[in-house]
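First up is the structure itself, then whatever we jot down about it.
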Amino acid sequence: MTVTLSSVTKQEIYTSKIIKASALLTDTKLLLSHWNENLTVAENLNKSRTENIFGKASRSRIEDILSIFRQRYLELEPSRKALVYLAKAQISADIFDKLLYFYSVRSDALLYDVVTTVINPLRETGRIEITVSDVRNAVTQWVSEGKTVSRWSDNTITRVVRNVMSSLRDFGILQGAVKKRIASNYLPLEAFVYIAFYLNQLQPSGERLLHHPDWQLFFLTVPNVERLFIEAHQHHLLEYYAAGSIIRIDFPTKSLEEYARVIVERTL
């Protein structure tokens, strides 16, 4: 029986949770590197809470970030085990940060749609800079269309937009402290194949995997994705065969955790 990683890619309603937790890359790695697989998720979270491994003064702040971590990384056992392994193996931040971005954006419909329906289309027109107004106009429109849990005030919209842009900067999608620029679409091969394996578990169609909308999160076109699959094939990370419209993609392992080990061995 195939383990289903997830049946839902995004929430249908936008939330303002991004206000309470941005990228949190350092805290995320700290939590995963301290993870004990002999304990349950609840026990691990309680342990990190009790020991205050994040060094936060506010208990409410700790609760906020633990709730976000659970949503982003901990609900699905295959992903959790793979991420814990990668964290403890101290895989390169260039690779790991892209994976944390992938999981974070897929768990937050607002972040997902800002990247895929606001930033990516602007980039395709040749725009390099992205302004607060670009994102704010989109979010304001979504609020007016009833896509949020409740109607957001101007202050909430401002805080959401600010945290969305700072989070995407921390994840490396945007650059710049004040004026934001859209970053290049560099995706390390190791991060690419991990994501491809994850998406392949959701739907094992080679053609659909090649055209999967999630590649837009990294500004990748179909030719970009195909080139990465060919490169991965050449490095024996997977097998990629294309004959017209027939595409076959095979991976060397059955589980995400096992594939994470393959990726780490490649980086040694």
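The values are calculated or read from the model by the stated rules, or taken from the named source; none is laboratory data. A quick note: this is a predicted structure, and the numbers were derived from the prediction, not measured. All Cβ positions, even for glycine, are placed from backbone atoms using ideal geometry, and neighbour counts span all protein chains on display.
Go through the residues of the stretch 174-181 one by one and say whether even a single one is β-branched (V, I, T) and modelled with pLDDT of 95 or more. So far as the stretch 174-181 goes, no, none of its residues is β-branched (V, I, T) and modelled with pLDDT of 95 or more.
Check whether at least one residue in the stretch 136-148 is surrounded by 18 or more Cβ atoms within 10 Å (Cβ to Cβ) and charged (D, E, K, R), and report yes or no. Yes, the conditions are met somewhere in the stretch 136-148. For the stretch 7-27, filtered to residues that are of a type in the set (K, R) and either over 15 Å from the mean Cα position of the chain (by Cα) or within 14 Å of M165 (Cα to Cα) (or both), the residue that is modelled with the highest pLDDT is K17. Among the conditions (1) touching a helix residue (DSSP H, G or I) at 6+ places or on another chain (Cβ under 7 Å); (2) touching a residue at least 60 places away in the same chain (Cβ under 8 Å); (3) not in a loop (DSSP other than H, G, I, E, B), the only one that S166 does not satisfy is (1). Flag: Y101 does not match the condition of being buried (at least 20 other Cβ atoms within 10 Å of the Cβ) and over 15 Å from the mean Cα position of the chain (by Cα). Within the stretch 108-117, is there a residue that is loosely packed, with under 15 Cβ neighbours inside 10 Å and under 22 Å from the mean Cα position of the chain (by Cα)? Yes: one or more hits.
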